[in-house]
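Every number in this text was worked out from the coordinates using simple rules, so none of it is lab data. From a predicted model like this one, the values you see are computed outputs, not experimental measurements. Counting neighbours? That spans all protein chains shown, and the Cβs are built from the backbone with ideal geometry, glycine included.
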Amino acid sequence: MPVLHWQPQNALLAALPDDARLRLSTQLERVQMPPGAVLCEPGMPARDVYFPETSVVEIGYAFTDGSAAEVALVGNEGVVGVRLLMGAASLNVRAIVQSVGAGFRLSAKALSQEMERSPALTHAILTYVASFIEQIVQSAALNRHGSVEQLVCRLLLQSLDRTAGNELAMTHEAIADALGVKREGVTEAAGRLRAQGAISYRRGHITVLDRRILEGIAGECYSRNPGGPPLADREIA
């Protein structure tokens with residue numbers, strides 16, 4: 001397919017003007033992102049950024065004991081590795097693929113150079129960074145004041161916003177690890193949500209049946225991609 005007619009599923013790549021798309025076309029590498037794959041670790045040298053298309057990546061703060069707590073998600077609205085665009089040589093977070101899919105890998109240097117040429121791309125990146133920071137702010141507020149049930153609802157909603165359909169490949173253990181809470185608490189919260197008709201689940205999969213219930217429980221600490229490129233509009237009732 002001619003480069004100028006290429007329509008990437010990632011919103012930031014889609015914002016590339018034709019000349020930028022032409023320049024970067026030979027440097028963008030399409031990659032598969034299997035669940036559990038680690039894209040970056042805190043303090044480790046890094047030079048590439050990732051643009052998810054059909055995958056979802058969990059950004060977490062890593063503790064010295066090897067555990068991590070999720071602070072944000074990145075899907076086809078964004079990019080993994082924004083700190084590298086500010087001149088850093090490493091990242092201070094751990095990025096792990098949450099949902100299987102594909103995306104693109106690109107040298108952070110190449111993207112930075114392109115941002116210098118393209119005000120439109122720079123604006124799109126900065127708009128995304130603002131929404132990414134808002135995610136982190138909401139996570140901090142909910143971790144301080146929210147219940148386990150609210151944490152679970154918010155994570156499910158954020159994941160649903162970045163996934164096609166209404167089924168999520170998630171275990172209770174994976175949710176507990178992401179949120180930094182006990183697995184028993186997640187199982188109890190999931191049981192209450194199932195009793196209300198919000199979700200159903202079987203081993204390794206959660207199906208969202210009524211997102212309005214999840215939104216009501218998550219409250220003000222959930223917002224569908226605040227300030228950033230619009231995510232897919234899905235209504236599940």
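All Cα-Cα separations within region 79-160 were binned at 10 Å from zero, giving a P(r) of 14, 39, 33, 13, 2, each value a whole percent of the pairs. Compute the label zone of T207 within region 135-170: residues whose backbone N is under 20 Å from the point 7 Å along Cα-to-Cβ. Within reach of a label on T207: 153, 156-170. At a Förster distance of 30 Å, what's the computed FRET efficiency of E167 paired with Q113, Cβ-Cβ distance as r, to 0.05? Approximately 0.15, to the nearest 0.05. Cβ crowding within 10 Å ranks F63, F51 as F63, F51, fewest other Cβ atoms first. Once you divide the Cα radius of gyration of the chain by 2.2 N^0.38 Å, the number left is 1.01.
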